[in-house]
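Student: I have a structure here, written as structure tokens, and I will follow up with some questions on it.
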Amino acid sequence: MRYGEFPGTRPRRLRTTPAMRRLVAETRLDAAGLILPMFVREGISEPQPVSSMPGVVQHTRDSLRKAAVEAAEAGVGGLMLFGVPEVKDAIGSQGTEPDGILQLAIRDVVSEVGDAVVVMSDLCLDEYTDHGHCGVLDDRGRVDNDATLERYAEMAQVQADAGVHVVGPSGMMDGQVGVVREALDEIGHQDVAILAYTVKYASAFYGPFREAMNSSLKGDRKTYQQDPANLRESMRELALDLQEGADMVMVKPGLPYLDVLTRIADTVDVPVAAYQISGEYAMVEAAAANGWIDRDRAILETLTSFRRAGASMILTYWATEVAQRL
Ligand code: PBG
């Protein structure tokens with residue numbers, strides 16, 4: 001039986017061999033576009049495994065240095081650092097201490113990898129507050145937007161003073177990008193860039209990250225993170241962040257929001273990142289551990305999909321491993 005009425009149209013011709021498929025691939029992964037999120041915890045002497053993220057640890061300062069070098073040697077393009085302090089309080093004091101764990105870690109990592117890798121830091125209070133929210137609370141227990149902005153401005157300054165190349169404001173407060181930009185410029189850090197967590201949905205997939213942060217959050221973040229039902233709202237967040245001076249924008253989580261990613265990537269002329277978050281990592285690892293999916297293929301498929309959808313950069317906990325494989 002001959003195929004069809006149009007014998008010239010055979011898409012399968014371009015799938016015949018690995019060499020042919022490689023040649024015609026429309027999307028390629030490269031190590032330079034990968035960013036590794038890393039956790040560093042104060043007051044521990046051995047790295048602590050995060051049980052819901054097999055293979056991921058809370059680093060000591062020492063193990064963080066080594067992992068940063070390993071990532072750099074593999075060709076990873078960026079590192080995103082998160083600090084877990086020993087003591088948390090209502091206003092997240094440790095987030096603005098010049099010798100707070102994140103600031104120390106930034107200094108360590110920058111002195112280790114220099115300018116070979118872009119060093120980034122999470123700029124948010126949830127790692128530092130005892131109530132686990134991304135901001136400070138008002139007298140009725142609500143997250144106070146403008147009081148939080150003042151804390152973010154201070155955080156930006158101590159992180160920049162520690163030598164970070166890029167700050168990542170991730171708390172979804174209104175006006176955070178503008179306030180951070182102003183705070184950086186005010187003390188002469190015009191060169192420190194802002195990777196804005198522009199689109200950040202209130203997601204169930206952050207679960208394992210909360211373990212990684214030793215978070216004591218009760219309740220949810222729905223008064224500041226976005227409703228998964230909304231897309232137009234993301235375009236509004238995007239317009240505001242760009243006006244306020246975002247140098248790069250991010251969509252987060254990743255896989256459930258590829259449509260949002262594509263819309264954003266088609267709209268802007270700044271680099272666009274996707275964050276493949278903790279729950280996405282955990283799902284693949286858990287299914288693979290049960291023998292239900294092919295782990296290595298699944299990882300590459302998810303990362304390729306982010307690129308196809310329009311991301312130029314991907315934050316992924318597999319960054320070093322994948323960079324070594326590419
Ligand atoms: C906020 C922040 C979160 C993540 C990155 N930055 C948690 C949240 O918003 O609840 C989640 C990352 C992940 O789940 O991998 N500081």
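Student: Counting only protein heavy atoms, what percent of the accessible surface of the chain is carbon or sulfur at a 1.4 Å probe?
Tutor: Details: 7620 of 15080 Å².
The nonpolar share, carbon plus sulfur, comes to 51 percent.
Student: Are there trypsin sites (Lys or Arg not before Pro) in the range 128-164 that DSSP puts in a loop and that have at most 12 other Cβ atoms within 10 Å, and which ones?
Tutor: In loop regions of the range 128-164 (DSSP not H, G, I, E or B), the sparsely surrounded trypsin sites (Lys or Arg not before Pro) are 140, 142.
Student: Sticking with this structure for a sec: Find the all-direction average of the projected area of the Cα convex hull for the range 124-281, expressing the result in square nanometres with one decimal place.
Tutor: Taking a quarter of the hull surface, the average projection is 9.2 nm².
Student: With bins 5 Å wide starting at 0, give me the P(r) of the range 212-288 over every alpha carbon pair, in whole percents.
Tutor: Reading upward from the zero bin: 3, 12, 20, 22, 18, 13, 8, 2, 0.
Student: Which far-off residues, 5 or more places away or on another chain, put their amide H under 5 Å from the one on residue 277, with H placed in the peptide plane?
Tutor: Sorted by chain and number, the residues that satisfy this are 254, 255.
Student: Accessible area per residue of the range 66-166 at 1.4 Å probe, in Å²?
Tutor: Averaged over the residues of the range 66-166, the accessible area is 36 Å².
Student: So what are the three principal axis dimensions of the range 243-299 from its Cα atoms, in whole Å, longest to shortest?
Tutor: In descending order, the Cα extents are 47, 17, 16 Å.
Student: Still on this structure, I have one more. Would you pull out the residues with amide H under 5 Å of residue 132's amide H, same chain only if 5 or more places away, H placed 1.01 Å from N?
Tutor: 216
Student: Something else: How many percent of the alpha carbon pairs in the chain exceed a separation of 38 Å?
Tutor: Summing the P(r) tail past 38 Å for the chain gives 14 percent.
Student: Over the range 10-55, one equal point on each Cα, no solvent: what is log10 I(q)/I(0) by the Debye formula at q = 0.21, 0.24, 0.25, 0.27 Å⁻¹?
Tutor: -0.84, -0.94, -0.98, -1.04
Student: I'd like to know how the range 137-224 sits against the 2.2 N^0.38 Å rule of thumb: what's its Cα Rg over that expected value?
Tutor: This ratio for the range 137-224 stands at 1.17.
Student: Right, another one. With θ set to phi - 60° and the Karplus curve 6.51 cos²θ - 1.76 cosθ + 1.60, what are the ³J(HN,Hα) couplings of the range 142-156 in order, to the nearest whole Hz, using x for Gly and Pro?
Tutor: 8, 6, 8, 3, 6, 5, 5, 4, 5, 5, 4, 4, 5, 4, 4
Student: To the nearest 10 square angstrom, what accessible area does residue 222 show with a 1.4 Å probe?
Tutor: Estimated to the nearest 10 Å², residue 222 gives 140 Å².
Student: Can I ask one more? Within 11 Å, Cβ to Cβ, of residue 299, how many net charges do the neighbouring residues add up to if Lys/Arg are +1 and Asp/Glu are -1?
Tutor: Computed value for this residue: -3.
Student: Right, here's the next one. Given a Förster radius of 30 Å and the C-beta distance between residue 286 and residue 325 as r, what FRET efficiency does 1/(1 + (r/R0)^6) yield to the nearest 0.05?
Tutor: FRET efficiency, residue 286 to residue 325: 0.90.
Student: Still on this structure: Over 18 Å apart: what share of the alpha carbon pairs of the range 187-257 falls there, rounded to a whole percent?
Tutor: Here the tail beyond 18 Å accounts for 49 percent of pairs.
Student: So for the pair residue 312, residue 296, with labels modelled 7 Å out along Cα→Cβ, what separation do we get in nm?
Tutor: Placing both labels 7 Å beyond Cα along the Cβ direction yields 3.1 nm.
Student: Could you grab the relative contact order for the chain? Cα pairs under 8 Å, six or more apart, rounded to a whole percent.
Tutor: Across the chain, relative contact order equals 19 percent.
Student: Moving on to the next point. Multiply the residue separation of residue 10 and residue 61 by 0.36 nm, subtract the distance between their alpha-carbon atoms, and state the gained length in nm to one decimal.
Tutor: 12.7 nm
Student: Exactly which chymotrypsin sites (Phe, Trp or Tyr not before Pro) in the range 258-326 are in a DSSP loop and have at most 13 other Cβ atoms within 10 Å?
Tutor: Passing sites in the range 258-326 are 292.
Student: Tell me, rounded to the nearest percent, the portion of alpha carbon pairs in the range 1-83 spaced more than 18 Å apart.
Tutor: Cα-Cα pairs of the range 1-83 separated by over 18 Å account for 62 percent.
Student: Any lysines with Cα under 23 Å of the residue 200 Cα? List them, leaving off those in the same chain fewer than 8 positions away.
Tutor: 218, 222, 252
Student: Also, quick follow-up: In whole angstrom, note down how far apart the Cα centers of the range 85-151 and the range 185-220 are.
Tutor: 9 Å
Student: While we're on this one: Zone of residue 230 (label point 7 Å along Cα→Cβ, backbone N under 19 Å): which residues in the range 111-142?
Tutor: Output list for this probe position: 134-135, 142.
Student: Gain in length, residue 45 to residue 266, computed as 0.36 nm per residue apart minus the alpha-carbon separation, to one decimal in nm? It would help to have the intermediate numbers written out before the result.
Tutor: Details: separation 221, 0.36 × 221 = 79.56 nm, distance 4.61 nm.
My answer for the length gained is 75.0 nm.
Student: Using amide H atoms built 1.01 Å from N in the peptide plane, name the residues 5+ places from residue 56, or on other chains, whose amide H lies under 5 Å from its own.
Tutor: The list, which skips near neighbours in sequence, is 50.
Student: Per 0.36 nm of contour for each residue apart, how much would the distance between residue 69 and residue 130 grow if the chain were fully extended, relative to their Cα-Cα spacing?
Tutor: Extra length available between residue 69 and residue 130 comes to 18.8 nm.
Student: Expressed as an acute angle from 0 to 90° and rounded to the nearest 10, what is the orientation of the C-alpha long axis of helix 176-186 relative to the principal long axis of the chain?
Tutor: Around 60 degrees separate the two axes.
Student: Under 24 Å from the Cα of residue 66, which lysines turn up, not counting those fewer than eight places away in the same chain?
Tutor: Here the lysines satisfying the reach criterion relative to residue 66 do not exist.
The values are calculated or read from the model by the stated rules, or taken from the named source; none is laboratory data. This one's a predicted model, so the numbers in the text were calculated from it and none came from an experiment. Reconstructed Cβ throughout: ideal geometry from the backbone, glycine too, with neighbour counts over all protein chains shown. When the accessible area is computed, the model is the full protein with side chains, heavy atoms only, and any ligands, DNA or RNA have been set aside. Shrake-Rupley method; radii C 1.70, N 1.55, O 1.52, S 1.80 Å.
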